[in-house]
1. Output yes when any residue across the range 117-132 is more than 18 Å from the chain's Cα centre (by Cα), among the charged types (D, E, K, R) and farther than 23 Å from E211 by Cβ, and no when none is.
2. Only one residue in V95, V102 is closer than 20 Å to R47 by Cα, of a type in the set (A, V, I, L, M, F, W, C) and surrounded by 20 or more Cβ atoms within 10 Å (Cβ to Cβ), so which one is that?
3. Which ones in the range 127-147 are touching a Lys or Arg at 6+ places or on another chain (Cβ under 9 Å), open to solvent by 30 Å² or more (accessible area, probe 1.4 Å) and either without any contact (Cβ under 8 Å) to a residue 12 or more places away in the chain or not in a loop (DSSP other than H, G, I, E, B) (or both)?
4. So which residues in the range 192-219 are of a type outside the set (K, R), in a loop (DSSP other than H, G, I, E, B) and surrounded by fewer than 18 Cβ atoms within 10 Å (Cβ to Cβ)?
5. Given the condition of a type in the set (D, E) and touching a helix residue (DSSP H, G or I) at 6+ places or on another chain (Cβ under 9 Å), answer yes or no: does some residue in the range 185-204 qualify?
6. Since D116 meets every condition but one in (1) open to solvent by 20 Å² or more (accessible area, probe 1.4 Å); (2) in contact with a Leu (Cβ under 9 Å, 6 or more places away or on another chain); (3) assigned to a helix (DSSP H, G or I); (4) not hydrophobic (A, V, I, L, M, F, W, C), which condition does it not meet?
7. I'd like the full set of residues that are in a helix (DSSP H, G or I) and under 19 Å from F100 (Cα atoms), limited to the range 159-191.
8. Of the residues Q78, Q42, Q34, Q3, which is surrounded by 14 or more Cβ atoms within 10 Å (Cβ to Cβ) and farther than 20 Å from R204 by Cα?
Amino acid sequence: MVQFQKDAALGGIPFGVLEVTYPERALWRTEDFQTMLGERLQRLRERYADYDRRTVFGENVYFRFFRKFKKTYPVMMQLESFLLKGRPFPEADAVTAVPFLVELETQILSGTHDVDDIHGTVRLFAGTEKAPFPGMRGGEVHTYPGDFCARDDDGIIFSMIAGADARTCAKPGSRHVFYPVFGVAGQPAGEIAAVLDRLEGCVRVLAPEAETARQLLGK
């Protein structure tokens, strides 16, 4: 399992990880997963039939965290894109569809990294400068002072604000991954643990034979 170390500067900020080793794709229950996905997306449409941004995100701790950096919370944009603009759910890759669905349902920030591209221990640290790294969408991005970040032996792998790096982000064919679940200062660790439960539940529908392990830091 990937080893994580959390710097003292991050204090009690909770952070969760679900590591998953998916079996070969022939063992996946893709139809079951698609059925579950359709049902849960429909429930989201019904739940937010009268969607109002202020009601849903006005007190959202992530929305406020991103606003401190003059950034728009990406999960809010994803939810509004799905609900208001009618854009399709990105289900081509089930491995990354799992956290995307859970983000829409919980409004809690997650992600996906390929464990095979992680080198050494992952150190979680508080950003102190604008340190550059290659972003997953191409081009250079950077950390921010006060950002929640991580690096392995070969460099920065994510910034909560800027997202995942190009080297370790999930790619088509990734089967050994970890899903990070980000917390913010003052957030109960139980909220992060509940998201790990949801993630694992989705994994079990898609691939009952998947191997999973979890960590919860900052309890």
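The values are calculated or read from the model by the stated rules, or taken from the named source; none is laboratory data. All values derive from a computational prediction rather than experimental measurement. Neighbour counts run over all protein chains shown; Cβ positions are idealised from the backbone, glycine included. All accessible areas refer to the heavy atoms of the entire protein, side chains included, with ligands and DNA or RNA removed. Shrake-Rupley method; radii C 1.70, N 1.55, O 1.52, S 1.80 Å.
1. Yes, because at least one residue in the range 117-132 is more than 18 Å from the chain's Cα centre (by Cα), among the charged types (D, E, K, R) and farther than 23 Å from E211 by Cβ.
2. V102
3. P134, H142
4. Across the range 192-219, the qualifying residues are P208, E209, A210, G218.
5. yes
6. Unmet for D116, out of (1) open to solvent by 20 Å² or more (accessible area, probe 1.4 Å); (2) in contact with a Leu (Cβ under 9 Å, 6 or more places away or on another chain); (3) assigned to a helix (DSSP H, G or I); (4) not hydrophobic (A, V, I, L, M, F, W, C): (2).
7. Residue satisfying the conditions is E191 alone.
8. Matching residue, one of Q78, Q42, Q34, Q3: Q78.
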